[in-house]
């Protein structure tokens, strides 16, 4: 897969590689994989292919906006709001430099809410980090196609499947989308454990282009849960996304800035249900 030339992605990938190298000096990959098997379920989290999957995201900062934390922010309270609002999956940013996240956030939440599926979102560049997510309690990981070669993406998906984790493969443009589909198609032994995401953020300007979801709609494969990421601000956005063929949405900034994230999520869910019924 052709790597993105975007400086932001490359910078994030470089920082992630440094974190991996540091972590692997403290615990070997072999040891980490062994530890993952202690408390891990032997079945992969079932993805909802018939309904609409909501991934609610906890992120403390955004590169385009800055810090997102209200004065009274509480990590556990935010997660509880998402659960109350009906989130199918909670995404946790673990990138520290631009998103102020940590693996400790993920670990804390997965222990407090053991029946809630958590996904690690980061700029993962090595299978070690997939196992790291597993050990921290995640049942899924996000993998960014633009910073991984085809072979790297395939290897990291296989590592996730080894740990019975689901994968959200993220693409920013049509070329990455097509290449991601090609890799996923090769791994047809467990297609039910893979989702395909389209992120409408322009990485050169760090601004969203909502119409990008519609422009890439024709390229979406029918057999996968396809997720719209970024730029979802109001319930009417969900109606457009459903009509374009997406079966999931990842929503972060809007929920982090909401005074009542549980209610906001419920309103989004209702909009998606109505839109699907109208198809």
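None of the figures in this text is laboratory data; all of them are computed from the coordinates on show. As the structure is a prediction and not an experimental result, all values here were calculated from the model. Using ideal geometry, Cβ is built from the backbone for each residue, glycine included, and neighbour counts are taken over all protein chains shown.
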(request) Restricting to segment 149-279, compute how many DSSP beta bridges are antiparallel as a %, nearest 5. (result) 15 percent
(message) Across the chain, what fraction of all alpha-carbon pairs, as a whole percent, falls in each successive 5 Å bin from zero upward?
(response) 1, 6, 13, 18, 21, 19, 14, 6, 2, 0, 0
(request) State the antiparallel share, in %, of DSSP beta bridges confined to the chain, rounding to the nearest 5. (result) 10 percent
(request) Could you list the residues of segment 81-109 with an amide nitrogen less than 13 Å from a label point located 7 Å from the Cα of residue 74 in the Cα-to-C-beta direction? (result) 81
(request) Order by neighbour count: 242, 167, fewest other Cβ atoms within 10 Å first, most last. (result) 242, 167
(request) Please work out the FRET efficiency for the pair residue 30 and residue 150, using the Cβ-Cβ distance as r and a Förster radius of 25 Å; give the result to the nearest 0.05. (result) 0.45
(request) Starting from the eigenvalues of the Cα gyration tensor, five times each then square-rooted, give me the equivalent ellipsoid semi-axes of segment 167-279, largest first, whole Å. (result) 24, 17, 13
(request) For an R0 of 25 angstrom, estimate the FRET efficiency from the Cβ-Cβ distance between residue 207 and residue 175 and round to the nearest 0.05. (result) 0.80
(request) Give me 229, 170 ranked fewest to most by other Cβ atoms within 10 Å of their Cβ, as a rough exposure proxy. (result) 170, 229
(message) At a threshold of 8 angstrom on Cα-Cα distance, excluding pairs fewer than six apart, so keeping six or more, what relative contact order does the chain reach in percent?
(response) 22 percent
(message) What is the ratio of the Cα radius of gyration of segment 158-218 to 2.2 N^0.38 Å, with N the residue count, to two decimals?
(response) 1.26
(message) Using a 7 Å offset from the Cα along the Cα-to-Cβ direction at both residue 67 and residue 236, what is the distance between the two label points in nm, to one decimal?
(response) 3.4 nm
(request) Please work out the FRET efficiency for the pair residue 18 and residue 278, using the Cβ-Cβ distance as r and a Förster radius of 41 Å; give the result to the nearest 0.05. (result) 0.25
(request) Take the Cα atoms of segment 53-93, find their three principal axes, and give me the spread along each one in whole Å, biggest first. (result) 27, 21, 12
(message) With 20 Å as the cut-off, how large is the P(r) tail for segment 17-172, expressed as percent of Cα-Cα pairs?
(response) 49 percent
(request) Provide 155, 94, 116 in ascending order of the number of other Cβ atoms located within 10 Å of each residue's Cβ, fewest first. (result) 155, 116, 94
(request) Show that you can apply the helix-only estimate: for the chain, add -39,500 (n - 2.57) for every DSSP H stretch of four or more residues, divide by all residues, and state [θ] at 222 nm to the nearest 500. (result) -13000 deg cm²/dmol
